[in-house]
1. How much length is gained if the chain between SER210 and LEU87 is pulled fully straight, taking 0.36 nm per residue apart and subtracting their Cα-Cα distance, in nm to one decimal?
2. Find the accessible area per residue for the range 47-141; the probe is 1.4 Å, ligands and nucleic acids are left out, and the unit is Å².
3. What is the spin-label model distance, in nm, from HIS275 to LYS164 if the labels are put 7 Å beyond Cα along the C-beta direction?
4. So which of LYS164/LYS331; LYS41/LYS331; LYS164/LYS220; LYS38/LYS70; LYS102/LYS297; LYS161/LYS220 end up more than 24 Å apart by C-alpha?
5. Using a Förster distance of 30 Å, how high is the FRET efficiency between LYS70 and LYS248, based on the Cβ-Cβ distance and rounded to 0.05?
6. Counting only protein heavy atoms, what percent of the accessible surface of the chain is carbon or sulfur at a 1.4 Å probe?
7. Can you check what the net charge comes to around ASN110, using other residues whose Cβ is under 13 Å from the Cβ of ASN110 (Lys, Arg +1; Asp, Glu -1)?
8. ASP241 label point, 7 Å along Cα→Cβ, cut-off 15 Å on backbone N: hits in the range 201-229?
Amino acid sequence: MTIHLQLRMCQRNNTTKTPLIVLGIESSCDETSASVVKDYKILSNIIFSQEIHTQYGGVVPELASREHQKNIAHVVRKSLKESHTQLKNLDGIAVTYGAGLKGALLVGLNFAKGMSIALDIPFIGVNHLEGHLYSNIMDIQTIKFPFISLIVSGGHTQIWKVNKIGEYDLLANTVDDAAGEAFDKGARILGLPYPGGPEIQKISTNGDPSYIYFPRPTVKKSKYNFSFSGLKTSLLYKIKDMDKKKIKQNIHHIAASYQEAIVDTLLDRVERISHNEGISHISIAGGVAANKRFREKSEILSSKNNMSIHFPNLNLCTDNAGMIAMAGYEKINNGFYSKLSLEANPNLSL
Ligand code: KG4
Ligand code: ZN
């Protein structure tokens with residue numbers, strides 16, 4: 001049975017007559033986002049990306065909280081307006097309560113609690129990682145349980161076996177940096193702004209990915225785990241011996257080679273896990289899933305190995321409230337709510 005069908009069935013079994021309308025709020029890192037979902041369809045998904053961090057080469061937690069505080073009301077209002085929804089029509093609120101930056105999470109969580117009290121409607125805390133998982137299953141009609149999910153972002157690089165929604169087995173994790181972090185740190189070394197992933201992708205266009213060979217890192221005594229922290233050190237050493245002019249002239253080749261090492265490492269684990277577990281349905285989610293080279297090489301891998309590898313739409317890869325609203329919709333539709341005492345949990349796992 002497809003996930004799509006199962007979601008629909010859950011809804012049919014529910015006694016609710018008219019489809020619910022749920023507002024989603026996401027503020028776990030540097031995106032302030034709000035979305036309205038009705039009947040498992042995203043009606044609006046407003047994302048405000050905080051540009052203030054660009055000058056610091058990474059997210060500054062204190063500034064992230066302040067920016068969320070400044071923008072959240074406006075972003076929520078805009079998402080209601082764009083979806084032609086009035087406050088009185090909302091049936092519930094879904095909000096990220098972890099994982100993420102504590103101060104940033106608190107802004108969204110407390111805003112949602114305030115709305116829940118004022119409107120006298122329930123709210124549900126959503127795990128950010130489960131949100132990413134949903135970003136890639138909401139519009140897929142063909143995926144089957146169990147499937148493999150690679151969640152690859154600035155904070156996480158994990159591979160999960162999804163037995164069903166709510167039942168997950170962790171198969172691989174990073175022991176140090178996440179893949180998105182490797183992009184961000186590599187970009188900083190190359191003098192490119194934050195976030196580094198899109199910058200490395202852009203500058204790599206027409207670059208030769210075999211210009212420099214970077215190791216494809218493995219982890220001792222672990223079959224599948226990732227380690228990306230050595231890769232940035234390797235980049236540092238490789239360019240240390242080059243003069244500035246040579247780096248400038250060949251930056252597209254250097255970036256393409258670095259990107260290739262990250263992509264190959266991710267796909268190596270996906271291929272091996274898929275083979276060893278005998279599961280050919282793969283779902284990729286998170287900010288790094290937006291990467292063009294990653295998508296290209298996944299397509300090659302899937303046609304070679306008869307796998308089906310799914311990526312979310314580009315606007316659902318990086319942090320957004322649409323995925324949170326969707327995950328929360330499913331829970332609220334099935335009668336699950338959170339208590340007002342729910343706390344932000346920066347280290348929440350699936
Ligand atoms: O999912 P996300 O928005 O936030 C977290 O939950 O961490 O992911 C952000 C990460 C950043 O590290 C960013 O550099 C990376 O995703 N990213 C990309 C691309 N777009 C965003 N990495 C590679 N290629 C991209 N096109
Ligand atoms: Zn994320």
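1. Gain on stretching SER210 to LEU87: 38.8 nm.
2. Heavy-atom SASA per residue in the range 47-141 reads 45 Å².
3. Reported label-point gap for HIS275 and LYS164 is 3.2 nm.
4. LYS164/LYS220; LYS38/LYS70; LYS102/LYS297
5. That gives a FRET efficiency of 0.20.
6. After summing per-atom areas, the C and S share lands at 52 percent.
7. +1
8. Flagged as within label range: 212-215.
The values are calculated or read from the model by the stated rules, or taken from the named source; none is laboratory data. Just so it is clear, the model here is predicted, and its values are computed rather than measured. Please note: Cβ atoms are built from the backbone with ideal geometry, for glycine as well, and neighbour counts cover all protein chains shown. These accessible areas exclude ligands, DNA and RNA; they are computed on the full protein's heavy atoms, side chains included. Shrake-Rupley method; radii C 1.70, N 1.55, O 1.52, S 1.80 Å.
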